[in-house]
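*Asks:* Quick one: this structure, given as C-alpha cells, is what I'll be asking you about.
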Amino acid sequence: MNNDIFKVLLVDDSSDDRFFLRIALKRSQKLVVIGELQDGDESIAYLKGEGKFGNRLQYPLPDIMLIDLKMPGKTGFDVLEWLMTEKMKNLTVAVMSGSWLSEDISRSMALGAHAYFKKTSEKEEQLKMISEIELLLEKRLPKNGI
C-alpha cells in the first residue's frame, strides 16, 4: 500500500467552490491542501516562486494543481498554455470546472491537463473524484523521490 501524501494547490476564483473542494479533499488520507489561490496570475507566481511565494518552505511546490478554467485575469487555459513552456514534469494538473462542454474538455487535455473533473456537490461523485486523483498521482509521480 502506498503511504505517500500528495500536496494539492487549489486555484479557483470562487471561495465557495474552494471551500467545498477543500472539505471533499479532507476525506482523503493522501491529499493535503497546501494553498488556495484565486486566479491564474497567482498560480503562475506561486509555481515560479515569485513575490510573496518566494519562500518554498512556506509555499512548497504542489504534486497536483486543481484549477478552474473560467477565472478573471489569466484563465485556467492561460495557465495550461504557460505550463507547456515550463519544465515542471512532476506537476500533475487536473481541471475542475462547472463546464461540461466538449470543447473545454478537449482543449484542456490538448493543453496538457492530466484529468478533467466536473465540479459537484454530490458526495458519491466527490469520493469517486478523490479516488481518481489519488490513482492518477500514484501512477504519475516517482516513488521515493526517484
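*Asks:* Pairs please, first residue from segment 18-45 and closer than 21 Å to Gly73 by Cα, second anywhere and of a type outside the set (D, E, K, R) and in a strand (DSSP E or B), Cβ atoms under 6 Å, 6+ apart in sequence or on different chains.
*Replies:* Between residues of segment 18-45 that are closer than 21 Å to Gly73 by Cα and residues that are of a type outside the set (D, E, K, R) and in a strand (DSSP E or B), the close pairs are Arg18/Leu10; Gly35/Leu9; Glu36/Leu10; Leu37/Val11; Ser43/Val11; Ser43/Leu37.
*Asks:* Residues Met96, Met109: which one is assigned to a helix (DSSP H, G or I), of a type in the set (A, V, I, L, M) and surrounded by 13 or more Cβ atoms within 10 Å (Cβ to Cβ)? So that I can check it myself, show each step before the final result.
*Replies:* Values: Met96 fails: assigned to a helix (DSSP H, G or I).
Met109 is the lone residue from the list that is assigned to a helix (DSSP H, G or I), of a type in the set (A, V, I, L, M) and surrounded by 13 or more Cβ atoms within 10 Å (Cβ to Cβ).
*Asks:* Please enumerate the residues belonging to segment 80-93 that are hydroxyl-bearing (Ser, Thr, Tyr) and not in a strand (DSSP E or B). So that I can check it myself, show each step before the final result.
*Replies:* The initial filter retains those residues of segment 80-93 that are hydroxyl-bearing (Ser, Thr, Tyr), namely 85, 92.
If the condition is that a residue be hydroxyl-bearing (Ser, Thr, Tyr) and not in a strand (DSSP E or B), then Thr85 is the only one that fits.
*Asks:* Determine which member of the set Glu138, Glu125 is part of a helix (DSSP H, G or I), surrounded by fewer than 18 Cβ atoms within 10 Å (Cβ to Cβ) and either basic (Lys, Arg) or in contact (Cβ under 8 Å) with a residue 60 or more places away in the chain (or both).
*Replies:* Numbers: Glu125 fails: either basic (Lys, Arg) or in contact (Cβ under 8 Å) with a residue 60 or more places away in the chain (or both).
After applying the criteria, what remains is Glu138.
*Asks:* Of the residues that sit in segment 112-122 and are of a type in the set (D, E, K, R) and either over 16 Å from the mean Cα position of the chain (by Cα) or outside any loop (DSSP other than H, G, I, E, B) (or both), which one is surrounded by the fewest Cβ atoms within 10 Å (Cβ to Cβ)?
*Replies:* If we filter segment 112-122 for residues that are of a type in the set (D, E, K, R), which is where we start, we get 118-119, 122.
Still in the list and also either over 16 Å from the mean Cα position of the chain (by Cα) or outside any loop (DSSP other than H, G, I, E, B) (or both): 118, 122.
Values: Lys118: 13, Glu122: 9.
Selected residue: Glu122.
*Asks:* Also, I was wondering about something else. Among the residues of segment 61-78, are any closer than 24 Å to Lys139 by Cα and surrounded by fewer than 12 Cβ atoms within 10 Å (Cβ to Cβ)?
*Replies:* For segment 61-78, residues closer than 24 Å to Lys139 by Cα and surrounded by fewer than 12 Cβ atoms within 10 Å (Cβ to Cβ): absent.
*Asks:* Would you please list the contacts, defined by Cβ atoms under 7 Å and residues six or more apart or on different chains, that run from a residue in segment 65-90 that is under 13 Å from His114 (Cα atoms) to a residue that is surrounded by 14 or more Cβ atoms within 10 Å (Cβ to Cβ) and at pLDDT below 95?
*Replies:* Leu66/Leu21; Asn90/Leu141
The values are calculated or read from the model by the stated rules, or taken from the named source; none is laboratory data. Just so we're clear, the structure is a prediction, and the values are computed from it rather than from any experiment. Note that each Cβ is placed from the backbone with ideal geometry, even for glycine, and that neighbours are counted across all protein chains shown.
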